[in-house]
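Visitor: For reference, the structure I am asking about is given below.
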Amino acid sequence: MMKMRDMESFRQRTLAKEIGCEGIGLHTGKQVRLTFKPAPENYGITFRRTDLPDSREIPARAQYVVDTALATTLGRDGVRVSTVEHCCAALHAMGIDNLRVEVDAPEIPIFDGSAQPFVRLIQEAGIAVQRAMKSFIVIRRPVRVGDGNKSAELSPANGFSLRCHIDFRHPLISNQEIGLDCSAANFCREIASARTFGFLKDIEALKNAGLAKGGSVNNAIVVDGFSILNPEGLRFADEFVRHKALDAVGDLFLLGRPLIGHLSIDKSGHALNHQLAMRVLSDPHCYEIVSATPSEMARIEATLPAFTPAEALA
Ligand SMILES: [Zn+2]
């Protein structure tokens, strides 16, 4: 039988109050206002553009992904919200089920290029535990997608864990690998602050094409042929692979529910992460939606993640 305290950590969560802040948009280079608004139980996560007053909320679900080049972009009725992945990674890891995310621009602010600022916003607002129980997407059969030497796979597991491998032809990056039990505490300690990265020549090409106007060493690790241009250096020796893991935690949150399974990605990016989510959702034999009610919990107890109590995260 689950203890009362354990039951409490499987209830749905939103934020205790509305909270907002401003940051630069990576692509527009303009100031963006981001607001997190508490939402009722069973509402889910949605994104909305407040600069387009008539636009509808866009559910944070893989079916609404309209672009995966450079970042993950959600869209509905022609309205887009770009670069949702770092925000989604923080919400996934912190166990937030219901939230309305508003921005007054076509993209979520990039902040420092990591998920840390989103984690801090969640902690500053505080977590409110709701009455309804969470529901999880539990992987029942392995699902794999590949593209050349890149791959992404989900398989059955206890809790949510991941393994990520990258191999860049660059002396400062080359082969990096990380394995992680993706609890909130591990996410916060090991990958939340890992920043996105780019190669100087690519960033210059993007800027010439009118993209990445806000991109700088303030919101990305910038690498040229042999050196890292950020004066402060790296936050982890293997910050690159940690960031790829962070992106995947965000992209897989678009399955629509917290994940119970093992994620293994090799040189994957937003496009392949999205393909994996869509492949899972297209085959009901691959997964099961499990509500954390006492009877369901007793049935699948062995596969539940070690969920951090809300008060430990606030
Ligand atoms: Zn990223």
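Condition check ((1) surrounded by 14 or more Cβ atoms within 10 Å (Cβ to Cβ); (2) more than 28 Å from GLN31 (Cβ to Cβ); (3) within 12 Å of the ligand (Cβ to nearest atom)) across all residues:
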residue	(1), (2), (3)
GLY179	no, yes, no
SER193	yes, no, no
GLU232	no, no, no
GLU239	yes, no, yes
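Visitor: Restricting attention to region 26-41, which residues are modelled with pLDDT of 95 or more and closer than 16 Å to ALA71 by Cβ?
Guide: Result: VAL32, LEU34.
Visitor: Also: Working only within region 204-221, note down all residues that are surrounded by 20 or more Cβ atoms within 10 Å (Cβ to Cβ) and either closer than 19 Å to CYS88 by Cβ or among the aliphatic types (A, V, I, L, M) (or both).
Guide: Taking region 204-221 as the starting set, the residues that turn out to be surrounded by 20 or more Cβ atoms within 10 Å (Cβ to Cβ) are 212, 214-215, 219-221.
Answer for region 204-221, where residues must be surrounded by 20 or more Cβ atoms within 10 Å (Cβ to Cβ) and either closer than 19 Å to CYS88 by Cβ or among the aliphatic types (A, V, I, L, M) (or both): ALA212, ASN219, ALA220, ILE221.
Visitor: If you don't mind, there's one more thing I want to ask. Looking only at residues in region 140-156 that are more than 18 Å from the chain's Cα centre (by Cα) and among the hydrophobic types (A, V, I, L, M, F, W, C), which one is nearest to GLY214 (Cα to Cα)?
Guide: Looking at the filtered set, the residue picked out is VAL145.
Visitor: Hey, among the residues in region 263-277 that are touching a Ser or Thr at 6+ places or on another chain (Cβ under 9 Å) and among the small types (Gly, Ala, Ser), which one's nearest to the ligand (Cβ to nearest atom)?
Guide: The extreme case among them is GLY269.
Visitor: Yes or no: region 289-299 includes at least one residue that is modelled with pLDDT of 95 or more, of a type outside the set (Val, Ile, Thr) and either surrounded by fewer than 18 Cβ atoms within 10 Å (Cβ to Cβ) or part of a helix (DSSP H, G or I) (or both).
Guide: no
Visitor: Looking at region 101-114, can you tell me whether even one residue there is β-branched (Val, Ile, Thr), buried (at least 20 other Cβ atoms within 10 Å of the Cβ), under 12 Å from the mean Cα position of the chain (by Cα) and outside any strand (DSSP E or B)?
Guide: no
Visitor: For region 194-230, enumerate the residues that are on the phi > 0 side of the Ramachandran plot and not hydrophobic (A, V, I, L, M, F, W, C). Spell out the reasoning first.
Guide: Of region 194-230, the ones on the phi > 0 side of the Ramachandran plot are 210, 212.
Listed by number, the list holds a single entry, GLY210.
Visitor: Counting residues that are within 16 Å of the ligand (Cβ to nearest atom), among the charged types (D, E, K, R) and surrounded by fewer than 22 Cβ atoms within 10 Å (Cβ to Cβ), which strands (runs of 3 or more DSSP E) fully inside region 27-99 reach at least 1? Outline the logic, then answer.
Guide: Working: elements: 31-38, 45-49, 65-67, 73-76, 79-81.
In region 27-99, 65-67 are the strands (runs of 3 or more DSSP E) which contain 1 or more residues that are within 16 Å of the ligand (Cβ to nearest atom), among the charged types (D, E, K, R) and surrounded by fewer than 22 Cβ atoms within 10 Å (Cβ to Cβ).
Visitor: Going by the structure shown, is CYS164 under 24 Å from LYS213 (Cβ atoms) and at pLDDT 95 or above?
Guide: no
The values are calculated or read from the model by the stated rules, or taken from the named source; none is laboratory data. What you see is a predicted model, and the numbers here were worked out from it, not measured in a lab. As a convention, Cβ positions derive from the backbone with ideal geometry for all residues, glycine included, and neighbour counts pool all protein chains shown.
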